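Novice: Dumping the structure here so I can ask a few things about it.
Values in this text are rule-based calculations from the coordinates and carry no lab data. On a predicted model such as this, the values are computed, not experimentally measured, just so you know. Glycine gets a Cβ as well: all are built from the backbone with ideal geometry, and neighbour counts include every protein chain shown.
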Amino acid sequence: MRGDVLDRRRAGILLHPTSLPSGVLGPDAFRFIDFMLASGLSVWQTLPLGPTHDDGSPYQCLSVHAGDTRLISLELLAEQGWLSPEAALVDDADMMIYRRAQLEEARHGFAQYASAEERAEFAAFTVSQAHWLDDFALYQSLRREQGGYSWVDWPAPLRDRAPQALRDARTRLADAIEQARFEQFLFFRQWQSLKRHANARGILLFGDMPIFVAHDSADVWAHRDHFMLDEQGRTQVVAGVPPDYFSATGQRWGNPHYQWRHMQDDGFRWWMERMVTQLALFDLVRVDHFRGFDAYWEIPAHSHTAVDGRWVKAPGDELFDTLRKTFDPLPLVAEDLGIITPEVEALRKKYRLPGMKILQFAFEGGPGNPYLSHNHMPNGVVYTGTHDNNTTVGWFEDLPHAAQEHVLEYLGHPREPMPWPLMRCAFASVARLAVIPMQDALALDGEHRMNLPGTTEGNWRWRFAWEQIPGDLSSRLRRMVEMYGRAG
């Protein structure tokens, strides 16, 4: 599904698949599409789908191409005949040791029972994705062999990809490498099945692409020349943002910065390949931290906070010009939050990328605040909040009384309790896409937020339960969606 995907008014929901009741791409995911259809919603927005580190953050993934194998549904594998029905009775993303054993069993089942067509499909996948899959499968196998340590702490021949060391590792770890390839095949196969199901019912899948890459990742290990690293592979400068709404000391993300000149010299091939993967997964992609394509915040690696950073110019214009020659129109949304300069705004407008408006940011600074709904533009995406915000109920409860009164006055002193007035404001906006986090649709308080920026504990774990969905929620959402011309 290509072309201008925001060619009309739409309404969507923000829910990462790990927040489904089971946390996997099985029956819960298809049931969620049924819920969306009943509610008149036509866009399902997720967070990045890559394999995470132990903290679970989808913004610090082990690969920019690979999928998170925690999302693979054992139940669907049993339906395929590659796993026993009994093995799939426990199908929960958190049962990692159990799931790992069952995915190994599924590979044996595939070897025994897969049809000729399915075997050919697997073979074609390993060939078409070899440009990233071979390195990722080797990296994953080595990382497990090395006790989960980052590649910079591996023995020097493996760290530095000495040819003989890699040949020996491919022989020694052949079975683990094949297992890693197979699991990626399963992930992409199940995701594409879900995507076809959604698209056939008029629902678009809206993904998220972090601008930066985790230092401990297959991409940095395999392409060190693309990143600002020393001879031992360690970072010299790292990414983040200066002090802002979320943190008084800024955010030190720790990602390595790109060697932009090197990337530009080879025609941004790495970015082109990354975009191909994203557009195979999604109909629309949010580009996280868009302002970093104009200028990025460079922090000395030894600094413990982001305060001592500086802005450095990036070749965003050249990159997006290159991407547009292949992917036109660019099905991208710019995450243009934070410190936005005229240059950043000009870059977004030049490539006609929708920006983002967060209503929770709207009620400070007077009537000129760009997040207030009367200042929105059609080429945009409006949210009550995102994965980085508190839930709307939690946000409103935390406001001082005077600020609450100001919000309610702007919203016309609504009779409905929060979060419905702010949701109504989002749906009424002229922005062509309005997206509501699932927590807001369920009117949940701050105990249910997905992430608290600047912290590393307790994030990315939230799930809803089907029992939390009121019986009239779909009809109530549909009435609002239809009222504001956003019906799917």
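Novice: Packing-wise, with mean Cβ within 10 Å as the measure, how do 419-431, 275-287 rank, highest first? Working shown, then result.
Specialist: Numbers: 419-431: 22.2, 275-287: 20.2.
Going by the mean number of other Cβ atoms within 10 Å, highest first, we get 419-431, 275-287.
Novice: Pairing the Cα long axis of helix 96-113 with the longest principal axis of the chain, what angle in degrees results, from 0 to 90 and rounded to the nearest 10?
Specialist: Computed tilt is about 60 degrees.
Novice: Further question on the same structure: Could you list which residues have their amide H under 5 Å from that of G250, counting only those 5 or more apart in sequence or on another chain, with H placed in the peptide plane?
Specialist: Amide H to amide H, under 5 Å and 5 or more residues apart or across chains, G250 pairs with D244.
Novice: How large is Rg over Rh for region 212-289, taking Rg from the Cα atoms and Rh as the Kirkwood inverse mean of 1/r across Cα pairs?
Specialist: Details: Rg = 14.3 Å, Rh = 14.1 Å.
Here the Rg-to-Rh quotient is 1.01.
Novice: How large is ³J(HN,Hα) for each residue in region 174-185, as worked out from phi by the Karplus curve 6.51 cos²θ - 1.76 cosθ + 1.60 (θ = phi - 60°), to whole Hz, x for Gly and Pro?
Specialist: Karplus-based 3J(HN,Hα) across region 174-185 equals 4, 5, 5, 5, 5, 5, 4, 4, 4, 5, 5, 4 Hz.
Novice: How high is the FRET efficiency between Q192 and A162 when r is their beta carbon distance and R₀ equals 51 Å, given to the nearest 0.05?
Specialist: For R0 = 51 Å, the calculated efficiency reads 0.90.
Novice: Something else: Any idea what % of Cα-Cα pairs in the chain are farther than 39 Å?
Specialist: 23 percent
Novice: Which ³J(HN,Hα) values, rounded to whole Hz and listed in residue order, are derived for region 88-95 from phi using the Karplus coefficients 6.51, -1.76 and 1.60 in 6.51 cos²θ - 1.76 cosθ + 1.60 with θ = phi - 60°, glycine and proline given as x?
Specialist: Listing the rounded values in order: 8, 5, 9, 10, 9, 4, 7, 7 Hz.
Novice: Against the longest principal axis of the chain, how steep is helix 269-281, in degrees 0 to 90 to the nearest 10, with axes from Cα atoms?
Specialist: For 269-281 against the chain, the angle is about 70 degrees.
Novice: Rounded if a/c is under 1.5, else prolate if a/b beats b/c, else oblate: with a ≥ b ≥ c from the C-alpha gyration tensor eigenvalues square-rooted, which is region 1-82?
Specialist: Oblate shape, in that a/c is at least 1.5 and b/c is the bigger or equal ratio.
Novice: Rounded, prolate or oblate: which one fits region 103-142, using the alpha carbon gyration tensor with axes a ≥ b ≥ c (rounded when a/c is under 1.5, else prolate when a/b beats b/c, else oblate)?
Specialist: It comes out oblate by the Cα gyration axes.
Novice: Using modelled backbone amide H atoms (1.01 Å from N, in-plane), which distant-in-sequence or interchain residues come within less than 5 Å of S73's amide H?
Specialist: L25
Novice: Sticking with this structure for a sec: So which of K313/K350; K195/K313; K195/K350 end up more than 26 Å apart by C-alpha?
Specialist: Too far apart for the 26 Å limit: K195/K313; K195/K350.
Novice: What is the Cα centroid distance between region 456-477 and region 253-288, reported in whole angstrom?
Specialist: If you average the Cα positions of each part, the centres end up 32 Å apart.
Novice: Check which residues have an amide H placed less than 5 Å from L204's amide H, if you skip close sequence neighbours.
Specialist: V43, W44
Novice: How do the peptides 435-441, 170-176 rank, highest first, by the average count of neighbouring beta carbon atoms within 10 Å per residue?
Specialist: Going from most to least packed, we get 435-441, 170-176.
Novice: Still on this structure, I have one more. Tell me the angle of helix 27-39 to the major Cα principal axis of the chain, expressed in degrees between 0 and 90 and rounded to the nearest ten.
Specialist: Relative to the chain, helix 27-39 is tipped by roughly 20 degrees.
Novice: Further, regarding this structure: So what's the net charge close to W132: Lys and Arg +1, Asp and Glu -1, counting the other residues with Cβ under 13 Å from its Cβ?
Specialist: -1
Novice: So how do 144-153, 308-317, 292-301, 17-26 stack up, highest first, on mean other-Cβ count within 10 Å?
Specialist: Numbers: 144-153: 14.1, 308-317: 16.0, 292-301: 20.8, 17-26: 22.5.
Order by mean packing, descending: 17-26, 292-301, 308-317, 144-153.
Novice: Quick check: convex hull over the Cα atoms of region 38-111, volume per residue in Å³, rounded to an integer?
Specialist: 143 Å³
Novice: Further, regarding this structure: Apply the Karplus parameterisation 6.51 cos²θ - 1.76 cosθ + 1.60, with θ equal to phi minus 60°, to every residue of region 440-447 and state each ³J(HN,Hα) to the nearest whole Hz, in sequence, with x for glycine and proline.
Specialist: The phi angles translate into 6, 4, 8, 6, 8, 8, x, 5 Hz.
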